[in-house]
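**Student:** Next up is a structure, given as structure tokens.
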Amino acid sequence: MRKGNKGALMLTSLVMALMLVVTAIPATAATYYSKDATVKDVVVDAATQGKVGNWGLGNEYEIQALLSKYGMPTTYLSQAFDMDGFDDDSILLASAMTYNELGLVKNSYQGGYNYGDKVKTIDMNDEGVAMLEDNIFTTDAFAKANPNTVKAFLAASVKGWAYACANPEEAAQIVYKYGSSVSSDHQLYMAGEVKKLVETDTKGNPVTAYGKIDDTAMQQTLDLAKTYIKLTDSVAADKLQTLTLDDIRDSSYFDTATAADATLGTPEKTDVSIQLKWLPQAQFMGYYVALDKGYYKDAGLNVTIVPGGGDISETTAVYTGQVDFGVTWVSNLIAANAGGMGLMEVAQIFQRSGLVLVYKISD
Amino acid sequence: MRNWKESWNRFSTVFYPILFGALMITLWQTGILHKILGADTFTLPMPHRIYTIIKENLPVIMQNVQATLIVALGGLFLGSLLGYLLGVVAAIFTKWGKGGLTLASAFNAIPIIAIAPILNNLTKDVSPNANIRSMVAKILVVTITSTVAMSVNAYRGLTEIKPFSMDLMRSYAATERQIFWKLRLPNSLPFIFTALRVSVPGCVISALVSEYFAEYIVGVGRQIRENIVLAQYATAWAYISVACLMGIALYVVLLIFESILLKGRK
């Protein structure tokens, strides 16, 4: 045995002991909500305890709108990208996307927390605070310079989404093939939930025109954005208040691309890329299906799908021209345009909010 | 002649960095820097715009600065104290102390982004108040990152004694305890500053990064992240500038302390 070993052991254990001191305090048992509790009861109680969670970074506005609706302050805990905080009760009312975190909370497959029906959710659409999420956007300048490329890209993407929604199981397989951060079981669950977001609007009505920009829902998103997006930069904050729908979306490309007698013309730029908001997963199945089935190729495009993840800023990637198209939440696009980017939404893939707040119920 | 040269040396150590800084800001404000870097004024805003944002939002920025400073200095203090104590323990039990410190240096190799989320989870039960437990987690991150530099340097300061000093102490028949208080401890003082020169800038960086993962949303580092993700580059740059100023200010404070406390030493 080397002479140094004993000392090393002692030194490491000193540091370990320091870390243990803070973990030794036992957790207090939490009380959960009755299954008949009203939304107001749950929101007010969790907010009073300061245990409402969200990821922040531009994902928080719907939660803040909901908190305001029930007269609570708009502060929330910063939630990690897993649901451990919800699992260990440090967050009582946790943010979850129906197609992602909620599946992990409920299901028992790999990475799941297996809560089954011991949890209930609060839906942003039902509460009237829904903001639109995954869209397709580019810069206004790119769209004006390459209208045929935009139209061809939209037509092929929408076709991909239509096929994916008709065949979610196959779509999940395709996404899994292109690289996946999660299990194939979760991918399949996600495809089923994403299909609902693409095919149903904020009021619960069925959507037939995949990707069409719903101006009523867009206006609600913009109004909530103006109230809850807080910008430090006074120039950007002032600009935010002056934004109108025409500054953030242009329906003309979508309308001509999907018209019955559509003539798309020759794309000005054939090599194009799309920046996803997150890792490869069924949330973006329409694009992977369009790529896999050759819809983009048929439209005369050579498309590269660029996965996101972590702190990737899809708005910046499109603005600087690293990529031509992007998928982002409408609120992120609004914030970026307030800051001075000339981004333009050209299609709205998710027609309702996929964000819910999940809470545990007592047996 | 010699005197003139010395004062020029002292002057130039301050003058050249300032000249370089002024040159950079001039290039930046005139847009030449943007051309060199191929950047645009949106992702790299002009200095006057960044300055305007700092000026207009000073109270909010100062709240975040305060939160970051508490974390940085709290962690620096605890880490340095712990590090020094480890150095003392290692110096008393020299046989295995040196090897132990080498192994403890391995802690320095752990990236902050790896320990920050772990400490967040470990400190969940510290307090029902998210602000407090989050602060504890962040301080622990800085503590861990600033411990090793201090312990290694303290060990050197306590053991690297000039042979003639030791001979002198022995000739006085001084006890180990007396040698420790009268010789080893004073001898380690310059080494403490060597350690602090590493860990003072380090503690600011650790504090900024630990805020990325913290449960409670506050601090200069967190604001940089939030604003970049929201594509608010001018505001993000305002916080980046503030972070730089914090680091520089702490370093200057350290140098002032050092020049006072080590006055008359070589």
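Read-outs throughout are calculated quantities, based only on the coordinates presented, and are distinct from any laboratory measurement. Because the structure is a prediction, the values reported are computed rather than measured. In this analysis, Cβ positions are derived from the backbone assuming ideal geometry, glycine residues included, and neighbour counts consider all displayed protein chains.
**Student:** Mind checking which of B:GLU176, B:GLU211, B:GLU226 has the largest fluctuation in a GNM of chain B, springs on alpha carbons under 10 Å?
**Tutor:** Its mean-square fluctuation being the largest, the pick is B:GLU176.
**Student:** In percent, what relative contact order does the stretch B:46-261 have, based on Cα pairs under 8 Å that are 6 or more apart in sequence?
**Tutor:** Once divided by the residue count of the stretch B:46-261, the mean separation gives 29 percent.
**Student:** By DSSP, what percent of the beta bridges with both residues in the protein assembly as shown are antiparallel, rounded to the nearest 5?
**Tutor:** Beta bridges within the protein assembly as shown, antiparallel portion: roughly 55 percent.
**Student:** Mean-square fluctuation check for chain A, GNM, Cα pairs under 10 Å: which of A:ASP261, A:ASP271, A:ASP87 is largest?
**Tutor:** Residue with maximal mean-square fluctuation among A:ASP261, A:ASP271, A:ASP87: A:ASP261.
**Student:** Now a separate question. Based on the mean of other Cβ atoms within 10 Å per residue, sort peptides A:346-355, A:103-112 so the most packed one is first.
**Tutor:** So the order, starting with the most tightly packed, is A:346-355, A:103-112.
**Student:** How many Cβ atoms of partner chains, on average, are near each residue of B:223-230 if near means within 10 Å of its Cβ?
**Tutor:** 6
**Student:** Using a Gaussian network for chain B with springs between C-alpha atoms less than 10 Å apart, which of these wobbles most: B:ARG49, B:ARG184, B:ARG133?
**Tutor:** Comparing B:ARG49, B:ARG184, B:ARG133 in the GNM, the peak value goes to B:ARG49.
**Student:** Roughly how crowded by other chains is peptide B:94-104, in terms of the mean Cβ count from those chains within 10 Å of each of its Cβ atoms?
**Tutor:** What the average comes to for B:94-104 is 6.
**Student:** Arranged from highest to lowest average of other beta-carbon atoms within 10 Å per residue, in what order do the peptides A:194-204, A:326-336 appear?
**Tutor:** Taking the mean over residues of other Cβ atoms within 10 Å, the ranking is A:326-336, A:194-204.
**Student:** Another question about this same structure. Cross-link list A:LYS226/A:LYS293; A:LYS35/A:LYS277; A:LYS51/A:LYS177; A:LYS35/B:LYS138; A:LYS177/B:LYS35; A:LYS212/A:LYS269: which exceed 31 angstrom alpha carbon to alpha carbon?
**Tutor:** Result: A:LYS226/A:LYS293; A:LYS35/A:LYS277; A:LYS51/A:LYS177; A:LYS35/B:LYS138; A:LYS177/B:LYS35 exceed 31 Å.
**Student:** I've got another one for you. Taking chain A on its own, what percent of its Cα-Cα pair distances exceed 35 Å?
**Tutor:** Tail of P(r) above 35 Å: 29 percent of Cα pairs.
**Student:** Compute the projected area of the convex hull of the Cα atoms of the stretch B:46-261, averaged over all viewing directions, and report it in nm² to one decimal place.
**Tutor:** In nm², the orientation-averaged hull projection of the stretch B:46-261 is 14.5.
**Student:** Of A:LYS196/A:LYS360; B:LYS98/B:LYS162; A:LYS230/B:LYS55; A:LYS120/A:LYS196, which sit over 20 Å apart, Cα to Cα?
**Tutor:** A:LYS196/A:LYS360, as the Cα separations exceed 20 Å there.
**Student:** Here's a follow-up. Sorted by packing (mean other beta-carbon atoms within 10 Å per residue), highest first, where do A:290-297, A:242-249 land?
**Tutor:** A:290-297, A:242-249
**Student:** Follow-up question, since we're still on this one. How high is the relative contact order of chain A, in percent, with contacts defined as C-alpha pairs under 8 Å that are six or more residues apart?
**Tutor:** It comes to 29 percent, rounded to a whole number.
**Student:** Follow-up question, since we're still on this one. Can you tell me what share of the DSSP beta bridges in the stretch A:135-353 is antiparallel? A percent to the nearest 5 is fine.
**Tutor:** Percent antiparallel among DSSP bridges in the stretch A:135-353 is about 45.
**Student:** What are the principal axis extents of the Cα atoms in the stretch A:113-222, in Å, biggest first?
**Tutor:** 52, 37, 24
**Student:** At a temperature of 37 °C and a viscosity of 0.692 mPa s, determine how fast the protein assembly as shown diffuses translationally according to Stokes-Einstein, using the Kirkwood radius over alpha-carbon pairs as Rh; express D in µm²/s, rounded to the nearest whole number.
**Tutor:** For the chosen part, D equals 119 µm²/s.
**Student:** Considering the Cα positions of the stretch B:89-136, please state its Rg to one decimal place and its Dmax as a whole number of Å.
**Tutor:** 15.9, 45
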